[in-house]
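S.K.: My questions all concern the structure below.
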Amino acid sequence: MEKNSLLLLSEVIFQINSCQTMQELERNLFNYVNLFVPFRFASYIEVQADPRTGEMDYTIRFCKPQSFAQVEKSWLATLDQATTLWLSSSPEPVVIRDSELFNGDHRADVPSYQLPGYQRLRIFDALQLNVVDGGKTVGRLSLYRAQEDGLFTDQDCFKLRLLSKHISLAFARCARRHMGEAAAMDLPSLIDQYGLTRREGEILGCIAKGMDNADISQALRISKNTLYKHNNSIFQKCGVSSRWELLKLLQ
């Protein structure tokens, strides 16, 4: 990479890592990414697997411009989960582009490219990144170019890969903070609903604040083994298998 590109990369990474809330990400992320990987439209769609069926559930969180959300809604309505499950299930960030998957005229046969919204906006190519937290895909970042913009290149893919882990960490950080703020309000009802003990309630409160196991052990003056047993009890009573699922109960 050229010196100017490296300086720009450093600045974009710094700005992404500076985001502390989902509101900041919504307001600034696409602007920062667009400096490094130019695009015309973009979206961030939250991904969550149904623990019973394994099917993926998709929720549009924000788009650039915001009106592009209507186009993404029409795409979700026609989504074939079989063709997207591999990306949504990847434990590591993966970058793919449509022009690499569907060469030449074959891309025009893909259902999404036949949607009125895609055709009206002359969408010509897409570059997608799965956002990962704790080995699980929690979202999909999609960048789009119109026909007049040309295709995304190998260099564009490489650049987005350089940003991928920073983007995933930013979403994880901001999501935990958002959930922690919500958890502070709903904590008593959750403790009562699932019959948690006083100590389990204290630990849940620490988890809701985003504290890791080492911090919780030190704050409550308990051993790691004791904390491990309490965590297992909390997960079992609440019917979850991870902190992420636990905090989702408080949304």
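S.K.: Under 20 Å from a label point 7 Å along Cα→Cβ of Ser5: give me every residue in the stretch 144-164 with its amide N that close.
M.R.: So the set is 144-145, 149-164.
S.K.: A further question on this structure: Can you work out the FRET efficiency for the pair Arg120 and Leu151, with r the C-beta to C-beta distance and R0 = 25 Å, to the nearest 0.05? Provide the component values of the computation, followed by the final result.
M.R.: Working: r = 20 Å, r/R0 = 0.78.
It comes to 0.80.
S.K.: If R0 is 30 Å, what FRET efficiency do you get for Asn31 and Thr197 from their C-beta distance, rounded to 0.05? Write down the numbers at each step before the final one.
M.R.: Numbers: r = 47 Å, r/R0 = 1.56.
That gives a FRET efficiency of 0.05.
S.K.: Expressed as a whole percentage, what fraction of the accessible surface of the chain belongs to carbon and sulfur atoms when a 1.4 Å probe is rolled over the protein heavy atoms? If you can, show how the numbers build up before the last one.
M.R.: Working: 6830 of 13310 Å².
Of all accessible area on the chain, carbon and sulfur atoms account for 51 percent.
S.K.: Can you order the peptides 189-197, 162-170 by their average number of other Cβ atoms within 10 Å per residue, highest first? Could you put the intermediate results ahead of the total?
M.R.: Numbers: 189-197: 14.0, 162-170: 19.6.
My ranking of the peptides, most packed first, is 162-170, 189-197.
S.K.: Any of Lys73/Lys165; Lys209/Lys248; Lys224/Lys248; Lys165/Lys237; Lys73/Lys159 with alpha carbons more than 22 Å apart? Name them for me.
M.R.: On the way: Lys73/Lys165 27 Å; Lys209/Lys248 14 Å; Lys224/Lys248 24 Å; Lys165/Lys237 33 Å; Lys73/Lys159 28 Å.
Violating the 22 Å limit, Cα to Cα: Lys73/Lys165; Lys224/Lys248; Lys165/Lys237; Lys73/Lys159.
S.K.: Okay, next question. Any idea how far apart Ser233 and Glu92 come out in nm if each label point goes 7 Å out from Cα toward Cβ?
M.R.: Label at Ser233, label at Glu92, 3.9 nm between them.
S.K.: Measuring with a 1.4 Å probe in the full set of protein chains, what accessible area per residue, in whole Å², belongs to the chain? Could you put the intermediate results ahead of the total?
M.R.: Working: 13310 Å² over 251 residues.
Per-residue value: 53 Å².
S.K.: Between Ala214 and Asp109, what length in nm is gained on full extension when 0.36 nm per residue of separation is reduced by their alpha carbon distance?
M.R.: On the way: separation 105, 0.36 × 105 = 37.80 nm, distance 5.24 nm.
Difference between extended and current length: 32.6 nm.
S.K.: Continuing with the same structure: Treat every Asp and Glu Cβ in the stretch 118-251 as -1 and every Lys and Arg Cβ as +1, leave all other atoms uncharged, and give the resulting dipole magnitude about the Cα centre to the nearest 20 debye. If you can, show how the numbers build up before the last one.
M.R.: Numbers: 20 positive and 14 negative charges, 57 e Å.
Result for the stretch 118-251 is approximately 280 debye, rounded to the nearest 20.
S.K.: I've got another one for you. Give me the extension gain from Leu249 to Asp57: residue separation times 0.36 nm, minus the current Cα-Cα distance, reported in nm with one decimal.
M.R.: Working: separation 192, 0.36 × 192 = 69.12 nm, distance 1.61 nm.
Gain on stretching Leu249 to Asp57: 67.5 nm.
S.K.: Summing +1 for each Lys or Arg and -1 for each Asp or Glu, what net charge is found among the other residues whose Cβ lies under 13 Å from the Cβ of Asn17? Intermediate values should be presented prior to the final figure.
M.R.: Working: positive: Lys165, Arg173; negative: Glu11, Glu24.
Once all neighbours under 13 Å are counted, the net charge is 0.
S.K.: With axes computed from alpha carbons, what is the tilt in degrees of helix 198-208 against the longest principal axis of the chain, rounded to the nearest 10 within 0 to 90?
M.R.: Helix 198-208 sits roughly 20 degrees off the main axis of the chain.
S.K.: On a 0 to 90 degree scale, rounded to 10, what angle separates helix 154-193 from the longest Cα axis of the chain?
M.R.: 30
S.K.: Sticking with this structure for a sec: Please name which of Leu162, Tyr144, Gln193 has its Cα lying farthest along the dipole of the chain towards the positive end, using unit charges on Cβ (Lys, Arg +1; Asp, Glu -1) and the Cα centre as origin.
M.R.: Projecting each Cα onto the dipole axis, the largest value belongs to Gln193.
The values are calculated or read from the model by the stated rules, or taken from the named source; none is laboratory data. Since the structure is predicted, the reported quantities are computational estimates derived from the model, not experimental observations. When we count neighbours, we look across all protein chains shown, and the Cβ atoms used for this are built from the backbone with ideal geometry, even at glycine. Heads up: the accessible areas ignore ligands, DNA and RNA and are worked out on the full protein's heavy atoms, side chains in. Shrake-Rupley method; radii C 1.70, N 1.55, O 1.52, S 1.80 Å.
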